[in-house]
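Below you'll find the structure, written out as structure tokens, and then a few comments.
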Amino acid sequence: MNLTEMAEQLPNGLHDAEIEEFTYNIAQQSVVFKVNVWIGTMDQPSSERERYRWGLLRFQGVEFFTKTESAYLSDSRMTFLTWGLQEDLEEKAKLSRVIAGKFFELSACYCQFRIACKDVSFEWTQHDDTNLSDKEN
């Protein structure tokens, strides 16, 4: 799914999506995040709110990728805090002579990711939801 479809189909975007791993493949110019996406909503009964599903967030044609230093010793339990896959036009203007394409900044717990790429997409890797509400009670 593309950015527009992601905005339409993911009720929370990637807010509170748990990052299990990310891979930066220099040769293939790609960054892939394996994420457990929160698909429940706050207006659902508490027994249904904490529903998650696994998916892959893919950045293709990557020309620039950075991850800031973590605020803690470990990156464990990293989640996306702000969902900002809209292009950062100000940053793109600064880099326009060097980088063609889209520039994104993602804020996660304890760090930030900055990515300039040609395309971004998302795909589900799991068909069924996992309800974590049951595990918390």
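The values are calculated or read from the model by the stated rules, or taken from the named source; none is laboratory data. Being a predicted model, the structure only gives us computed values, none of them experimental. Don't worry about glycine lacking a Cβ; one is built from the backbone with ideal geometry, like all the others, and counts go over all protein chains shown.
If you go through segment 46-72 and keep only what is modelled with pLDDT under 90, assigned to a loop (DSSP other than H, G, I, E, B) and of a type in the set (Val, Ile, Thr), you end up with just Thr68.
The set of residues from segment 46-65 being among the charged types (D, E, K, R) and surrounded by 15 or more Cβ atoms within 10 Å (Cβ to Cβ) comprises Arg49, Glu50, Arg51, Arg53, Arg58, Glu63.
Within segment 112-131, the residues that satisfy the criterion of being surrounded by fewer than 16 Cβ atoms within 10 Å (Cβ to Cβ) and either at pLDDT below 70 or not basic (Lys, Arg) (or both) are Gln112, Asp119, Ser121, Glu123, Trp124, Thr125, Gln126, His127, Asp128, Asp129, Thr130, Asn131.
In segment 3-45, the residue that is surrounded by the most Cβ atoms within 10 Å (Cβ to Cβ) out of those that are assigned to a loop (DSSP other than H, G, I, E, B) and in contact with an Asp or Glu (Cβ under 8 Å, 6 or more places away or on another chain) is Gly40. From the list Trp83, Trp38, the one residue that fits, being modelled with pLDDT under 90 and in contact with a His (Cβ under 6 Å, 6 or more places away or on another chain), is Trp83.
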